[in-house]
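The values are calculated or read from the model by the stated rules, or taken from the named source; none is laboratory data. None of these values were measured; they are calculated from a predicted model. Note that we place each Cβ from the backbone using ideal geometry, even for glycine, and neighbour counts take in every protein chain shown.
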């Protein structure tokens, strides 16, 4: 069979598709995006100017030049030429790199998300994906480490911090959209954020609606790391046992981590935590059956839930409606959020 160059190229790209994430991680660990950003707005730096900022006297110029060249090809950096010396390549941050890959003084950074998913502990889960196909209910992370992600994080503070920082980074970006599209918080006096992590979402809500008494509810070892914020009380516990009494409950990307049976247990405890007509507010991913846009990323995000979480999965709008209806909630409205990958939805439901 005659070799097709295009087919060969695609085959090799698929084989080495793990490499871009790890090259980006290397650049972030070397602080390269911040080095360029700290040089000033729209600064351009040469290879040697970047090298001079790295904390080493034994620098490999070859490795550094390859990292810069590759990430330029991926659009992270933009290569320019000095006007007085066309052979002098310089590097500028692209708009998305400036927003998402700079760490310092950048609340919209996605670096924590990168560092979590490129961590060896997390990546080990993917080596068991084939077993998840062969065994119903298999969890890649549990196969790799003998316990689920939440139990592992409880015993390993480094991984616990990786997960919490990653979730906080996403939350910062998503909460701005939620507060722009939904003003129903003005009618809420007390609000429990179930699975609230470090309290990032609740801090945004209470800042916008300072009359709200907020409770950030998560596992004890998680809320132990949450900062003290006026108007918010950090409470440790298990959503599988009971949830503090409240007027309204907020959950963001929590139920996506669990199978239907586990979700029903959580929702039963939510139902018992507030009075009739109490508000139940959810921000969750939904599958997009009507669109092929970003389909590859959609599937990846769904597989992330499958591999890392306990039977976690993304659900369609109908699946969410059925799950909530069967648990005693009427869906009032569903609002689309552009979000990180364009398929987050904000759901308002009330207790029957």
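One line per residue, one yes/no per condition, for (1) over 16 Å from residue 347 (Cα atoms); (2) surrounded by 14 or more Cβ atoms within 10 Å (Cβ to Cβ); (3) touching a residue at least 12 places away in the same chain (Cβ under 8 Å); (4) in contact with a helix residue (DSSP H, G or I) (Cβ under 9 Å, 6 or more places away or on another chain):
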position: 145; (1), (2), (3), (4): yes, yes, yes, yes
position: 148; (1), (2), (3), (4): yes, yes, yes, yes
position: 154; (1), (2), (3), (4): yes, yes, yes, yes
position: 163; (1), (2), (3), (4): yes, yes, yes, yes
position: 168; (1), (2), (3), (4): yes, yes, yes, yes
position: 172; (1), (2), (3), (4): yes, yes, yes, yes
position: 175; (1), (2), (3), (4): no, yes, yes, yes
position: 182; (1), (2), (3), (4): no, yes, yes, no
position: 189; (1), (2), (3), (4): yes, no, yes, no
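From the list 33, 55, 112, 41, which residue is out of contact with any strand residue (DSSP E or B) (no Cβ under 7 Å at 6 or more places or on another chain) and surrounded by 10 or more Cβ atoms within 10 Å (Cβ to Cβ)? So the residue among 33, 55, 112, 41 that is out of contact with any strand residue (DSSP E or B) (no Cβ under 7 Å at 6 or more places or on another chain) and surrounded by 10 or more Cβ atoms within 10 Å (Cβ to Cβ) is 112.
Can you work out which of the residues in segment 323-337 that are over 25 Å from the mean Cα position of the chain (by Cα) and in a strand (DSSP E or B) is farthest from residue 264 (Cα to Cα)? Filtering segment 323-337 for residues that are over 25 Å from the mean Cα position of the chain (by Cα) and in a strand (DSSP E or B), the one farthest from residue 264 (Cα to Cα) comes out as 332. In segment 7-18, the residues that are without any contact (Cβ under 8 Å) to a residue 12 or more places away in the chain form no Cβ pair under 6 Å with any partner that is outside any helix (DSSP H, G or I), whether six or more places apart or across chains.
Applying the condition of being modelled with pLDDT of 95 or more and touching a strand residue (DSSP E or B) at 6+ places or on another chain (Cβ under 8 Å) to segment 253-270 and asking which residue is farthest from residue 299 (Cα to Cα) yields 270. Pairs meeting the criteria (first residue in segment 33-46 and at positive phi and assigned to a strand (DSSP E or B), second residue modelled with pLDDT under 95 and surrounded by fewer than 19 Cβ atoms within 10 Å (Cβ to Cβ), beta carbons under 6 Å, at least 6 apart or on different chains) are lacking.
Do you know which of the residues in segment 332-344 that are more than 30 Å from residue 144 (Cα to Cα) and surrounded by fewer than 17 Cβ atoms within 10 Å (Cβ to Cβ) is modelled with the lowest pLDDT? Only one residue tops the list, namely 342. Scanning segment 185-205 for residues that are farther than 22 Å from residue 114 by Cα, in a helix (DSSP H, G or I) and in contact with a strand residue (DSSP E or B) (Cβ under 6 Å, 6 or more places away or on another chain) yields a single hit, 202. Examine segment 308-315 for a residue that is surrounded by fewer than 16 Cβ atoms within 10 Å (Cβ to Cβ), more than 17 Å from the chain's Cα centre (by Cα) and modelled with pLDDT under 95, and state whether such a residue exists. Checked segment 308-315: no residue is surrounded by fewer than 16 Cβ atoms within 10 Å (Cβ to Cβ), more than 17 Å from the chain's Cα centre (by Cα) and modelled with pLDDT under 95.
Looking only at residues in segment 58-80 that are touching a helix residue (DSSP H, G or I) at 6+ places or on another chain (Cβ under 7 Å) and part of a helix (DSSP H, G or I), the one that is surrounded by the fewest Cβ atoms within 10 Å (Cβ to Cβ) is 61. May I ask you to verify whether residue 104 is more than 12 Å from residue 24 (Cα to Cα), under 30 Å from the mean Cα position of the chain (by Cα) and at pLDDT 95 or above? No. Looking at 226, 203, just one residue is surrounded by 15 or more Cβ atoms within 10 Å (Cβ to Cβ), closer than 21 Å to residue 107 by Cβ, within 22 Å of the chain's Cα centre (by Cα) and modelled with pLDDT of 95 or more, and that residue is 203.
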